[in-house]
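The next block holds one structure in the form of structure tokens; read it before the comments.
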Amino acid sequence: MVLPRRRGGHNHNPCPCPRRAVLPPAALLLLFLLAAVALLYVSPPPLSDHPAFASSRHRSSHALLNSSGGGSPVEPARRVISRVPRGGWTAADDQWGSKLASKFYGCSNSSSKFLDSGVITHPDRYLMIVTSGGLNQQRTGIIDAVVAARILNATLVVPKLDQTSFWKDASDFAQIFDADWFISSLSKDVRIVKVLPEKLRAPHRMRVPRKCTPRCYMNRVLPALVKKHVVRLTKFDYRLANRLDSDLQKLRCRVNYHALRFTDQIQEMGEKIIQRMRERSTHFIALHLRFEPDMLAFSGCYYGGGEKEKRELGAIRKRWKTLHVSNPEKERRHGRCPLTPEEVGLMLRALGYTNDVHIYVASGDIYGGAKTLDPLKALFPNLHTKETIASKDELAPFSKYSSRMAALDFIVCDGSDAFVTNNNGNMAKILAGRRRYLGHKRTIRPNAKRLYSLFLSRGNMSWDAFSSKVHMFQKGFMGEPKELRPGRGEFHENPSTCICEKTDAKTETKSNPRSEQGSSNGTEGGKATSEPAVPNYTDEELGGSSAEEDDAPVEKEDDAPVEKEEIVDTEAEDDALVRPDDPELEEVLSD
């Protein structure tokens, strides 16, 4: 039977289907509430609501509470909920050390071609060195002084430390380092004496250019040394080329990692601070914050402190007449600004370090004082310094000497389970290289260029998404083996010649990198590290130029033959060519 079509053109369905049930309003409300609860359970919290961001809610990434007051508030950004992508580096697996570290060890023994100092040292050649800058800049000068003496087949007089520059520390070598150990441990490499023999006349003063190669020393210094017998090289910082042959590079490592020991008094106080940190927590982080007024003024960066900050830091900048006015936004965009204490804390929390981790802060006077550290302390309540760990009486023998106080920070940072550096200065580079040589201990350097944009947009993403991106951006900046290609960067930061990779099980018992020279420095069963395991970053991202770029200009100039060169004082001439800037520019920021 054909049913008639209903008016309006719709067919009527005669099937006896049950009618749709109509729920009462109370039941609908209950279902809605259950759905809302389920949504909250499966979705991660917005980044701006995460506990780690509690102190920074409704503020820009530049805003920092300091003595200038802190930046202006901004409108809350749109929130986007997203999940963490699968894969990638997981901090929880490697927070306190690299899984690959056991495959590498320090190897700085010389080859059979490296003759004993008793064979090659000329009895009538004495080299005197005057270092420059802060403790760690002077350390680089001491290391290179030993190598320079070896190149010249000369006896080295224990280097004189800088006592007149910005740091104004009257300490001499023996008040910072164990001079007797320094001399004895290097006796087969270079003959070293504490003082110049009285029979010798006043030394001939001169200065070599930056990045001077072995040939440069032979052309410039050796003629004076042969004629005058005693040469005094002044302002000796970075006066030796970055690239040297393997035996000279290994000599650098023997000096740096074995011969340079702090005095017993300094070492014992440093170890006492480490012990007290470990009494508080099994593991701890050492943070080289570098947020002092001088550092911020020199960087030309802006941290949201308004006119007061600009006025205060601007007054400090006037100290350096050769310092050009910079664009703060551009400097930060290129990764040349230290992270704020808050940003350092956010990075560490994103990497998986929880708020119960204890942090030792190695730093001078923080710009803005305690108020500046408040956002970091909100993220990591357990902050310590040498002043809070040790008593005033215990620090009295060190507190009036900047180099001795810096030495204490060096020891604690070296002994930490994870070291975080906020500025790629001398202390950061030396510790990074040292920690690579001594077992690739976790060393974190913020990839400031990549993190900058992330901090700007952090209010627009979930905490998990933010954390995932931090992990991604920090690959290659975590102190992993083979992060840097051999020869890349300063040798003190990347001593690739002195790091070997185990090739068989037999080397397991032979390679304790913490032991002294003679036990861990052999190369048996290992090979020098080669290809990087992570992508190579640009020099700008790595915070400096490559070794090739650093060395090429000076090597080209100084390798040229100097057949008719007379013995002249090159102190003013060479430095004017190589480094025209105010001499305090690097000293104040070197450590």
**Request:** Considering each residue of segment 113-167, count those that are assigned to a loop (DSSP other than H, G, I, E, B) and either in contact (Cβ under 8 Å) with a residue 40 or more places away in the chain or open to solvent by less than 30 Å² (accessible area, probe 1.4 Å) (or both), and give that number.
**Result:** 19
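How many residues does segment 346-363 hold that are in contact with a Pro (Cβ under 7 Å, 6 or more places away or on another chain) and open to solvent by less than 10 Å² (accessible area, probe 1.4 Å)? It would help to see each step written out before you state the result.
We begin by selecting, within segment 346-363, every residue in contact with a Pro (Cβ under 7 Å, 6 or more places away or on another chain); these are 347, 355.
Add one more test, that the residue is open to solvent by less than 10 Å² (accessible area, probe 1.4 Å), and what stays is 347.
Matching residues across segment 346-363 total 1.
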**Fill in**
Selection over segment 443-460 where residues are outside any helix (DSSP H, G or I) and surrounded by fewer than 22 Cβ atoms within 10 Å (Cβ to Cβ) yields a count of 1
**Asked** Which of the following residues is within 15 Å of residue 135 (Cβ to Cβ), part of a helix (DSSP H, G or I) and either modelled with pLDDT under 95 or of a type in the set (S, T, N, Q) (or both): 267, 249?
**Response** 267
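Of 379, 346, 373, 395, which residue is modelled with pLDDT under 95 and of a type in the set (A, V, I, L, M)?
That would be 373, the only listed residue that is modelled with pLDDT under 95 and of a type in the set (A, V, I, L, M).
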**Request:** Read through the list (1) assigned to a loop (DSSP other than H, G, I, E, B); (2) more than 21 Å from residue 454 (Cα to Cα); (3) out of contact with any Ser or Thr (no Cβ under 7 Å at 6 or more places or on another chain), then give the number of the only condition that residue 352 fails.
**Result:** (2)
**Asked** Between residues in segment 462-477 that are hydroxyl-bearing (Ser, Thr, Tyr) and residues that are assigned to a helix (DSSP H, G or I) and open to solvent by 10 Å² or more (accessible area, probe 1.4 Å), which pairs lie under 9 Å by C-beta distance while being six or more apart or on different chains?
**Response** 467/349
**Prompt:** Are any of the residues in segment 179-190 at negative phi, modelled with pLDDT of 95 or more and touching a Leu at 6+ places or on another chain (Cβ under 6 Å)?
**Reply:** yes
**Prompt:** In the set 297, 241, 259, 286, which member is within 21 Å of residue 172 (Cα to Cα), small (Gly, Ala, Ser) and either in contact with a Ser or Thr (Cβ under 6 Å, 6 or more places away or on another chain) or modelled with pLDDT under 95 (or both)?
**Reply:** 259
**Request:** Residues being open to solvent by less than 70 Å² (accessible area, probe 1.4 Å), of a type in the set (Gly, Ala, Ser) and outside any loop (DSSP other than H, G, I, E, B): count how many of those fall in segment 365-386.
**Result:** 1
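Quick grid of which residues meet (1) open to solvent by 10 Å² or more (accessible area, probe 1.4 Å); (2) at negative phi; (3) small (Gly, Ala, Ser); (4) free of Cβ contacts under 8 Å to residues at least 40 places away in the same chain:
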| site | (1), (2), (3), (4) |
| --- | --- |
| 207 | yes, yes, no, no |
| 222 | yes, yes, no, no |
| 243 | yes, yes, no, no |
| 256 | no, yes, no, no |
| 261 | yes, yes, no, no |
| 265 | yes, yes, no, no |
| 270 | no, yes, yes, no |
| 312 | yes, yes, no, no |
**Request:** Provide a single number: the residues in segment 297-322 that are touching a Pro at 6+ places or on another chain (Cβ under 8 Å) and assigned to a helix (DSSP H, G or I).
**Result:** 4
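Considering segment 323-349 alone, what residues qualify as being in a loop (DSSP other than H, G, I, E, B) and within 19 Å of the chain's Cα centre (by Cα)? Talk me through it step by step, then tell me what you get.
At the first step, the residues of segment 323-349 found to be in a loop (DSSP other than H, G, I, E, B) are 323-327, 334-340.
334, 335, 336, 337, 338, 339, 340, listed by residue number.
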**Asked** How many residues are outside any loop (DSSP other than H, G, I, E, B), open to solvent by 10 Å² or more (accessible area, probe 1.4 Å) and touching a Lys or Arg at 6+ places or on another chain (Cβ under 6 Å) when one looks only at segment 415-442?
**Response** 0
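The values are calculated or read from the model by the stated rules, or taken from the named source; none is laboratory data. Keep in mind the model is a prediction, meaning the values are calculated, not measured. FYI the Cβ positions are ideal-geometry reconstructions off the backbone, even for glycines, and counts take in every protein chain you see. Note: areas computed on protein heavy atoms with side chains; ligands, DNA, RNA excluded. Shrake-Rupley method; radii C 1.70, N 1.55, O 1.52, S 1.80 Å.
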